[in-house]
1. I need a count of the residues in the stretch A:230-246 that are more than 22 Å from B:ASP46 (Cα to Cα) and surrounded by 19 or more Cβ atoms within 10 Å (Cβ to Cβ).
2. From the list B:GLN361, B:GLN344, exactly one residue is under 19 Å from the mean Cα position of the chain (by Cα) and surrounded by fewer than 23 Cβ atoms within 10 Å (Cβ to Cβ). Which is it?
3. Counting just the residues of the stretch A:257-275 that are polar (S, T, N, Q) and within 14 Å of chain B (Cβ to nearest Cβ), which one comes out nearest to A:GLY377 (Cα to Cα)?
4. Being small (Gly, Ala, Ser) and under 26 Å from B:LEU67 (Cβ atoms) narrows it down to one residue among A:ALA28, A:ALA48, A:ALA32; which is it?
5. Select, from B:GLY58, B:GLY111, B:GLY15, B:GLY23, the only residue that is out of contact with any Lys or Arg (no Cβ under 7 Å at 6 or more places or on another chain), buried (at least 24 other Cβ atoms within 10 Å of the Cβ), more than 19 Å from A:ALA381 (Cα to Cα) and outside the structural domain of B:LYS333 (by TED's automatic domain parsing).
6. Residues of the stretch B:102-141 being away from chain A (no Cβ under 11 Å), of a type in the set (Gly, Ala, Ser) and in contact with a strand residue (DSSP E or B) (Cβ under 7 Å, 6 or more places away or on another chain), which ones?
7. Hey, among the residues in the stretch B:158-174 that are part of a loop (DSSP other than H, G, I, E, B) and among the polar types (S, T, N, Q), which one's surrounded by the most Cβ atoms within 10 Å (Cβ to Cβ)?
2 protein chains.
Amino acid sequence: MVDVAIIGAGQTKYGNHQLGMKGMWAEAANNAFDSVDKDFHAKQIDEAFIGSVAFGGGQLGNTAALLTEHSGMQGKPVRRVENACASSGFALRDAWMAIKSGQADVVVAGGIEKMNDLTPERKRFWLGVSGDTEWERLAGLTFPGTYALMARRYFHEFDSSHDDLVHISVKNHYHGLENSVAHIRKDVSFDKAKSGFMVADPLTLYDCCPTSDGASCVILAADHVVKQFTDDPVWINSSAAASDYLALHDRPSITQLIATQMAAKKAYSMAGITANDIDLAEVHDCFTIAELLATEDLGFANRGEGGLFSREGRGRRNEGVTCVNPSGGLKSKGHPLGATGTGQTVEIFKQLRGEVEPVRQVRDAEVALSHNVGGSGATCAVHVYGRDRT
Amino acid sequence: MVDVAIIGAGQTKYGNHQLGMKGMWAEAANNAFDSVDKDFHAKQIDEAFIGSVAFGGGQLGNTAALLTEHSGMQGKPVRRVENACASSGFALRDAWMAIKSGQADVVVAGGIEKMNDLTPERKRFWLGVSGDTEWERLAGLTFPGTYALMARRYFHEFDSSHDDLVHISVKNHYHGLENSVAHIRKDVSFDKAKSGFMVADPLTLYDCCPTSDGASCVILAADHVVKQFTDDPVWINSSAAASDYLALHDRPSITQLIATQMAAKKAYSMAGITANDIDLAEVHDCFTIAELLATEDLGFANRGEGGLFSREGRGRRNEGVTCVNPSGGLKSKGHPLGATGTGQTVEIFKQLRGEVEPVRQVRDAEVALSHNVGGSGATCAVHVYGRDRT
């Protein structure tokens with residue numbers, strides 16, 4: 001079976017962009033192309049998968065073809081992959097499988113979202129449509145409310161309080177402070193995060209990620225062509241994914257994401273590792289409670305001890321055990337929905353190659369994980385990366 | 001390398017459905033499950049790819065997770081694939097690659113669209129967004145106009161007239177007349193089709209496919225598990241795809257679809273056949289001119305002789321050379337955008353197994369092709385099927 005490596009990765013800054021979709025995609029793709037160590041040209045790409053929830057930007061259908069023609073890839077087989085906020089995590093998985101299938105040697109996975117040209121009302125609509133429409137959105141339940149329900153229930157079931165979420169917010173803002181592509185670069189104190197404007201009780205503004213514009217792009221290659229492009233690849237040692245009921249009320253528990261647990265279990269098994277082997281993880285913290293639950297679902301903390309993991313600072317860069325969200329996560333780096341999954345991969349590629357800002361570098365990082373979630377957990381993709389292939 | 005077979009296929013009737021998206025998908029999926037010759041259960045599915053342009057139906061994001069939970073597939077890795085009207089042609093390709101990758105043995109590819117609960121204005125909007133938004137849709141050019149430009153240019157460049165398109169309309173209505181799942185089952189005479197209500201000169205109502213609701217679902221399996229499910233599989237001997245500039249004005253010629261030509265060339269080469277070997281083809285006739293161009297781009301007719309191919313009835317069932325659109329095509333069977341690609345595969349599965357209505361059966365059919373186009377040719381997927389694997 002063919003092994004798959006990342007040979008290049010690039011993205012735009014996340015935030016409020018003046019560029020339209022085409023320009024943002026071209027910037028991310030060109031950054032990825034330029035990051036390849038040896039000669040590389042878009043014509044060498046065999047196939048492309050682009051994640052997007054497709055709001056804003058105006059081009060709601062056939063988006064992938066339009067974007068790829070703006071990055072020198074016209075003619076190639078391309079498609080858009082949509083799984084809400086996990087769109088490009090699945091684009092990455094599908095690109096990885098395309099190489100493993102023997103049908104392609106060099107494949108692009110990317111993502112894009114253009115949100116900030118929408119009115120607040122339209123933005124709320126397009127964010128809401130990834131939750132269950134009939135049972136949640138039309139009843140008035142949007143994502144802050146969904147995750148607030150999960151947080152309240154978690155505090156009820158386990159020894160935890162909002163303070164544990166505040167620690168996550170503070171950590172992620174600290175991690176993202178020197179990240180040049182991050183949307184929100186602010187030194188946020190515990191007191192400030194704790195007393196933020198209430199969004200959906202118990203979640204304050206500092207528990208919620210921003211809505212960002214952004215694009216990200218990674219280039220994957222089959223083992224037999226990797227050396228043509230770089231002597232310093234990052235290997236994707238496993239890809240796993242799962243789904244769950246879309247509406248919260250259908251799930252037996254709302255304090256764990258079964259899709260994350262299933263995907264993580266498979267990803268560890270395929271890569272031949274355990275959660276303890278992960279040096280750094282880019283985790284889907286659309287809300288701080290989502291990161292807390294993920295630390296348990298991914299096995300970094302025992303069930304019910306995600307609060308403790310947070311309180312003890314076990315996810316802090318070069319202080320804790322497993323660095324969680326070295327990029328700043330969705331909270332600080334930002335969350336351009338369709339771009340978030342492969343954006344996590346861009347961070348991991350640069351971290352494992354020692355190419356991020358020196359102050360942000362996770363020391364001795366060899367093994368990494370990305371965790372990308374759609375909606376409130378209906379879809380999830382987990383990937384394990386290594387300096388070595390396993 | 002693993003070979004890939006179809007072991008089951010089902011769909012809803014195409015037309016104006018009372019069912020919502022969930023019910024339509026469940027019906028198509030259950031029809032596919034029931035069509036498997038030996039014991040089969042949804043739990044045996046490893047992964048799923050569902051094509052949809054996502055208009056109507058209310059659930060615009062995370063659609064795939066919602067649909068799969070309504071067909072007993074909850075928990076499985078699923079995603080929505082979007083490439084305008086070629087969405088499920090690409091879902092099929094991605095499912096095929098997933099099996100070839102060795103990551104999955106049983107994979108579902110399907111598609112769905114719910115259009116007829118939209119107001120005419122919203123329907124026009126959601127149809128238009130798959131053309132180029134900036135250069136075409138916002139200038140007032142919708143798809144009937146786009147294809148009318150292609151037809152006018154074709155008549156200017158070659159020995160052809162609107163009569164050649166009328167023959168295509170008449171043939172497809174004839175083929176679809178006894179198709180129990182077809183949207184428009186009418187015996188249409190040459191004179192009636194020729195004098196239809198003008199939509200976009202030279203295209204009349206009889207040159208344009210209807211907008212349909214519908215869902216389709218096919219089940220693919222790896223060669224080493226096929227016998228567990230059926231002794232009568234249909235093999236997908238090749239899958240190929242390509243893209244092109246989204247806007248017409250960027251292309252060197254508007255009387256050929258380069259994406260079709262590229263995909264067809266690769267598909268024939270991979271299957272080890274030529275166009276002459278194809279017994280029947282399900283071709284993307286969103287407009288009659290699209291079928292005329294496809295007969296050339298796919299190599300059934302020489303360049304400039306698509307009109308002659310039509311006039312001479314060479315695409316007619318059991319009278320011509322290669323039966324083109326035995327189902328009735330998009331014109332008669334209908335066009336529920338995201339469902340169309342895998343809907344073509346359902347027809348081919350049943351034709352090659354001798355399971356369609358007897359009057360519709362293409363005699364001695366061994367090798368078939370499906371051709372699914374997004375927009376006015378920005379994306380295209382071509383698959384070659386056979387009773388034997390090559």
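The values are calculated or read from the model by the stated rules, or taken from the named source; none is laboratory data. Quantities reported herein were computed from a predicted structural model and do not represent experimental measurements. A quick note on method: Cβ atoms are made from the backbone with ideal geometry, for glycine too, and the neighbour counts reach across all protein chains shown.
1. Residues flagged as more than 22 Å from B:ASP46 (Cα to Cα) and surrounded by 19 or more Cβ atoms within 10 Å (Cβ to Cβ) within the stretch A:230-246 amount to 4.
2. B:GLN361 is the lone residue from the list that is under 19 Å from the mean Cα position of the chain (by Cα) and surrounded by fewer than 23 Cβ atoms within 10 Å (Cβ to Cβ).
3. Checked the stretch A:257-275; the qualifying residue nearest to A:GLY377 (Cα to Cα) is A:THR260.
4. Unique residue meeting the criteria: A:ALA48.
5. Exactly one of B:GLY58, B:GLY111, B:GLY15, B:GLY23 is out of contact with any Lys or Arg (no Cβ under 7 Å at 6 or more places or on another chain), buried (at least 24 other Cβ atoms within 10 Å of the Cβ), more than 19 Å from A:ALA381 (Cα to Cα) and outside the structural domain of B:LYS333 (by TED's automatic domain parsing), namely B:GLY111.
6. The answer is B:ALA109, B:GLY110, B:GLY111.
7. Ranking the candidates gives B:SER160 first.
Results for (1) more than 27 Å from B:SER52 (Cα to Cα); (2) not assigned by TED's automatic domain parsing to the domain that holds B:VAL356, shown as yes or no for each residue.
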| site | (1), (2) |
| --- | --- |
| B:THR133 | no, yes |
| B:HIS156 | yes, no |
| B:ASP163 | yes, no |
| B:ASN179 | no, no |
| B:LYS186 | yes, no |
| B:PHE197 | yes, no |
| B:PRO202 | yes, no |
| B:HIS224 | yes, yes |
| B:ASP231 | yes, yes |
